[in-house]
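Only one structure is covered here, and it is reproduced in the block below.
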Amino acid sequence: MATLRHAQATLAERFQPPRRESSGFLRVPINGIPDSLVRQLMLALALAAEQNGFTKATVSKLREAAQPGAPMDQILTLIQTVQHLWARQGGTGLLIEIDELGKFLEYESYHPQHREIHLLQMLAEHAQQAHAAPLHLVVLLHQGFEYYNHRLGKNLRDEWQKVQGRFEAIAFLESAEQSLRIVAAAFVPRGSLTPAVATQCAEWIARLAVEGALPVGLDEVSAGELSRRCYPLHPLTLLILPTLCQKIAQNERTLFSYLGSREPFGLLERLAQMAMGQWIEPWQLYDYFVLNQADGFADSLTHHRWVEVVTALERFDSPPDTPAVRLLKTIGLLNLMGAQRGLKASRLILELLFGSATGVLLEQLEAASIIHFRHYNQEYRVWQGSDFDLPGALQQAIAERAHWSLVDVLNALAPFKPVVARRATIRTGALRCFRPGFGAQDRWPPKPLKTDELPLWFYLADEQDQPDLDAIPQPAVVAICHFTDRLYEVVSEWIALQELPKRHAALHQDRVAQREYQTWLLHAEMETTQLMKTLLEEPESLQWFFGREERLIRDRRDLQQRLSHWIEEVCYPQSPLIKNELINWDHPSASANTGRKRLLAAMLKAADPGRIRDCENPGGKETVFGPC
């Protein structure tokens, strides 16, 4: 408070300490994990209430409400109850702190049916209301909401943007100068540098200062102190490292992952192999990140530039330890960062690392058409190598398929194997299963299946859409999916990407375009697979109807029990128990097939009208064929 009062007295007056007779704030800290926000909020609130003397009844109500999909009004009512009770105890407010909110948002993007994002909106609005113990809500996340909502459909993305608008955003991004000081604080020198190393470091810093490559606010003297403290990081490596970690999307977390890493090319791994006078140069940063953090880029432009460097190295086709390859990696990292004042891939900067050999190495890379020189800003760039507009081509392909049927595509792909009702199969000895199929408003009632298996229809619903259950036979099971718009977008993108090579010759000839295309295609396939798996692996996200009656499904185990019960009690209530797989199974096991062959051989050798035995091994197959 004294520091704040000295800096801004007016602001300090707003943070007066609570009165002695006051209980202060009821703190509810929540650490983000991939789980339901409602569940974690209610559990954290129950724990805080229990620790501060609330009644067991109140704590029990809070824990009972810790369920995904709980009504938002109920959650808000419980929070108001906690506020009233805390105010009676002399409390001045309820403070909810959510760290790593992004993990909750990412979980919500996979489970949009719960609409828990609206809980944040309701809490933000409730925090504006006057109360004896008002609500204060503080959340922390690395990226904006838009970084986490790319899996959602357009309507839900718009809703997320509205929710984000309810919060006052305070951007916190360390300056390059502050990041360098954080790095320096992580080093603990165990001795003095040799005069030769200290002199070389000072010369490099002086040349970086002349080129204007030092961050704003960092003078030459301070930069020299930081660089000496951070030995064996080369001064250029030290300047690149913080900005590169920001590009990887985790900032300080990625930074300290490198500083404490024993993985290949990690700092600790390199320290164990180095001697005084050696330096960790930028090309070694490239090797670390391409091996350990290659999939972490936060934006498509950064990833595109990374692909350019990787493809350029493949085209150059030279041993990885040659000076030319190391120069190419260094230029690629500087390009990846983007020109920041004088910190760019200029010849003078590159000479800090490669000395008098720089000119020859640059000519070698230019002759191979790997890099080119931009005269207007005096820097070398990795040759882009591709003029193919993949995003534009993809959007055009999607637009041309604007009226395709998601139901028809999914039924043609048949992404699911039959769903076996395990308990019913084990108890009856007969294979009992459901054949999944897809339907929608314009494809309802669905066409009958061409097999004898029971149907399990996934109804792809639009907003507030419900199927006519009277239009299908009684034994059918129907699961209503309410995230159809996102499923449509994902499948549409995946199919459009598969068709692009048929439309564009560049995807067969351009290696940069090919690599970027393969990355996009793999990502689209993974997104499609993940979303499709949600239908069966997370059945609680759907609305289930057995016959014409709705049933609440809690998890996969509950679904299995419901399916088995439905088969035994409704579909085949009078089915006889014949535990013989030769009769019950379309594809008997290998042991059953072996037994059948021996039975036929025995019948040919000894056509006894009485009990048939295996002549070579009497009684060996009686357990298999006894029921016959």
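Residues are listed down the side, and each one gets a yes or a no for (1) touching a residue at least 60 places away in the same chain (Cβ under 8 Å); (2) open to solvent by 30 Å² or more (accessible area, probe 1.4 Å); (3) under 27 Å from the mean Cα position of the chain (by Cα):
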residue: Gln164; (1), (2), (3): no, yes, yes
residue: Phe172; (1), (2), (3): no, yes, yes
residue: Leu180; (1), (2), (3): yes, no, no
residue: Gly191; (1), (2), (3): no, yes, no
residue: Thr199; (1), (2), (3): no, yes, no
residue: Leu238; (1), (2), (3): no, no, no
residue: Glu263; (1), (2), (3): no, yes, yes
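For region 201-221, residues that are touching a helix residue (DSSP H, G or I) at 6+ places or on another chain (Cβ under 8 Å), part of a helix (DSSP H, G or I) and open to solvent by 20 Å² or more (accessible area, probe 1.4 Å) total 6. Filtered by the rule that a residue be within 25 Å of Gly53 (Cα to Cα) and either crowded, with 19+ Cβ neighbours inside 10 Å or among the hydroxyl-bearing types (Ser, Thr, Tyr) (or both), region 96-123 gives Ile96, Ile98, Leu123. Contact map, region 313-329: first residue touching a residue at least 24 places away in the same chain (Cβ under 8 Å) and part of a helix (DSSP H, G or I), second residue among the basic types (Lys, Arg) and surrounded by fewer than 19 Cβ atoms within 10 Å (Cβ to Cβ), Cβ cut-off under 8 Å, separation 6 or more or different chains; pairs are Glu314/Arg511; Arg315/Arg511. Of the residues making up region 499-513, those that are out of contact with any Leu (no Cβ under 8 Å at 6 or more places or on another chain), open to solvent by less than 50 Å² (accessible area, probe 1.4 Å) and within 20 Å of Trp306 (Cα to Cα) are Ala506, Asp510, Val512. When Leu226, Leu156 are checked against the criterion of being surrounded by 15 or more Cβ atoms within 10 Å (Cβ to Cβ) and under 25 Å from Leu348 (Cα atoms), Leu226 stands alone in meeting it. Look at (1) closer than 30 Å to Trp520 by Cβ; (2) in a helix (DSSP H, G or I); (3) modelled with pLDDT of 80 or more; (4) open to solvent by 10 Å² or more (accessible area, probe 1.4 Å) and you find that Leu333 fails only one, number (4). Check region 459-466 and report whether any residue there is assigned to a loop (DSSP other than H, G, I, E, B), open to solvent by less than 40 Å² (accessible area, probe 1.4 Å) and small (Gly, Ala, Ser). The answer is yes, given that some residue of region 459-466 is assigned to a loop (DSSP other than H, G, I, E, B), open to solvent by less than 40 Å² (accessible area, probe 1.4 Å) and small (Gly, Ala, Ser). Taking the criterion of being without any contact (Cβ under 8 Å) to a residue 24 or more places away in the chain, among the basic types (Lys, Arg) and surrounded by 15 or more Cβ atoms within 10 Å (Cβ to Cβ), the only residue of region 424-449 that qualifies is Arg435. The residue list Asp485, Asp452, Asp465 contains one member that is closer than 30 Å to Ala70 by Cβ and free of Cβ contacts under 8 Å to residues at least 40 places away in the same chain, which is Asp465.
Here Leu301 fits the description: open to solvent by 40 Å² or more (accessible area, probe 1.4 Å), in a helix (DSSP H, G or I) and at pLDDT below 85.
If I ask for residues that are surrounded by 11 or more Cβ atoms within 10 Å (Cβ to Cβ) and out of contact with any helix residue (DSSP H, G or I) (no Cβ under 9 Å at 6 or more places or on another chain), which ones from region 124-138 would you list? Within region 124-138, Glu125, Ala127, His136, Val138 qualify.
Among the residues of region 533-548, not one is of a type in the set (Lys, Arg) and in contact with a Pro (Cβ under 8 Å, 6 or more places away or on another chain). Residues in region 514-532 that are within 20 Å of Leu313 (Cα to Cα) and of a type outside the set (D, E, K, R) were compared, and the one that is surrounded by the fewest Cβ atoms within 10 Å (Cβ to Cβ) is Gln518. Listed by first and then second residue, the pairs linking a residue in region 1-29 that is at pLDDT 70 or above to a residue that is of a type in the set (Lys, Arg), with Cβ atoms under 6 Å apart and 6 or more places separating them unless they lie on different chains, are Ala12/Arg5.
The number of residues in region 488-511 that are without any contact (Cβ under 8 Å) to a residue 60 or more places away in the chain and within 20 Å of the chain's Cα centre (by Cα) comes to 1. Annotation: of all residues in region 433-453 being modelled with pLDDT of 85 or more and in a loop (DSSP other than H, G, I, E, B), the one that is nearest to Lys533 (Cα to Cα) is Ala440. None of Leu456, Leu410 is open to solvent by less than 50 Å² (accessible area, probe 1.4 Å), outside any loop (DSSP other than H, G, I, E, B) and farther than 30 Å from Gln514 by Cβ except Leu456. Would you call Ala421 within 30 Å of Leu577 (Cβ to Cβ), touching a residue at least 40 places away in the same chain (Cβ under 8 Å) and open to solvent by less than 30 Å² (accessible area, probe 1.4 Å)? Taking the combined requirement at face value, the residue satisfies it. Checking Asp158 against (1) more than 19 Å from Leu244 (Cα to Cα); (2) touching a helix residue (DSSP H, G or I) at 6+ places or on another chain (Cβ under 9 Å), which single condition isn't satisfied? In the conditions (1) more than 19 Å from Leu244 (Cα to Cα); (2) touching a helix residue (DSSP H, G or I) at 6+ places or on another chain (Cβ under 9 Å), Asp158 misses (2) alone. Those residues that are more than 40 Å from the chain's Cα centre (by Cα), surrounded by fewer than 16 Cβ atoms within 10 Å (Cβ to Cβ) and among the aliphatic types (A, V, I, L, M), I need them from region 533-588; list them, please. Answer for region 533-588, where residues must be more than 40 Å from the chain's Cα centre (by Cα), surrounded by fewer than 16 Cβ atoms within 10 Å (Cβ to Cβ) and among the aliphatic types (A, V, I, L, M): Val570, Leu577, Ile578, Ile583.
The values are calculated or read from the model by the stated rules, or taken from the named source; none is laboratory data. Because the structure is predicted, anything quoted here is derived from the model rather than measured. Glycine gets a Cβ as well: all are built from the backbone with ideal geometry, and neighbour counts include every protein chain shown. Ligands, DNA and RNA are excluded from the accessible area calculation, which covers all protein heavy atoms including side chains. Shrake-Rupley method; radii C 1.70, N 1.55, O 1.52, S 1.80 Å.
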